[in-house]
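First the structure, in the form of structure tokens, and then the observations on it.
The values are calculated or read from the model by the stated rules, or taken from the named source; none is laboratory data. Keep in mind the model is a prediction, meaning the values are calculated, not measured. These accessible areas exclude ligands, DNA and RNA; they are computed on the full protein's heavy atoms, side chains included. Shrake-Rupley method; radii C 1.70, N 1.55, O 1.52, S 1.80 Å.
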Amino acid sequence: MDEIETLINRFDLQEHPEGGYFKETYRSEGSIPASVLGDAFKGSRNYSTGIYFLLTSDSFSAFHRIQQDEMWHFYQGAPITIHVIHPDGKYTKHVLGLNFEEGEAPQFTVPGKCWFAAEVEKKDSYGFVGCTVSPGFDFKDFELAERDTLSSLFPRYEALIEKFTR
Ligand code: GUN
């Protein structure tokens, strides 16, 4: 799709290890010292970070988790479905989009420590969103799920985990 290539070029998006394309757009100058962050973080982190994120219907964002809450903001394109497995084993599904009558919302915040994956269900399309994280994102906090390990933790969701891991 031309629109996808145009967005990738316009915003200089790069492939993300979870799938999709991203570009960091904001990283606060200030940082929070490790001593006040607690055990979840192994060092200091910026106050906050933000990215553009583009997901296409021929791919998916694979199950991953970070320690902090991640707020998603819908910008353009087709709705993005986010699948969340909470640490207590609860599963929730959220659709980011602008069709409010159908229950979609322009924002959703994935709680920290949850495993989550995302997809664009509409064929031949894409969703373009922003994701902000505070304390700021660091790949040291990013864990991509290993299929068998996640399935053995949450056997009820084996099919979902199989679909959204590589
Ligand atoms: N920076 C690099 N990858 C990510 C990500 O997945 N989320 C956020 N918020 N920032 C990032």
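For the range 7-46, what is the per residue volume of the convex hull drawn over the alpha-carbon atoms, in cubic angstrom?
Here the figure is 84 Å³ per residue.
Provide the per-residue ³J(HN,Hα) series for the range 140-152, in order, calculated from phi with Karplus coefficients 6.51, -1.76, 1.60 and θ = phi - 60°, each as a whole number of Hz, with x at glycine and proline positions.
5, 9, 8, 10, 8, 5, 8, 3, 5, 5, 5, 5, 6
Kindly flag which residue pairs out of 23/90; 140/163; 113/140; 93/122; 93/163; 42/113 have an alpha-carbon separation exceeding 19 Å in this structure.
Flagged as over cut-off: 23/90; 140/163.
State in Å² the accessible area per residue of the chain; use a 1.4 Å probe, count heavy atoms of protein chains only, and round to the nearest integer.
Computed with neighbouring chains in place, this is 54 Å² per residue.
If you build the Cα gyration tensor of the range 54-132 and take the root of 5 times each eigenvalue, what three semi-axes come out, in whole angstrom, biggest first?
20, 13, 12
Which percent of Cα pairs goes in each bin when the distances of the range 1-99 are cut into 10 angstrom slices starting at zero?
12, 38, 34, 15, 1
Using only the alpha carbons of the chain, determine the length spanned along each of the three principal axes and report them from longest to shortest in whole angstroms.
46, 40, 31
Could you look at the chain and say what percent of its accessible area is carbon and sulfur, using a 1.4 Å probe and all protein chains?
Carbon and sulfur together cover 49 percent of it.
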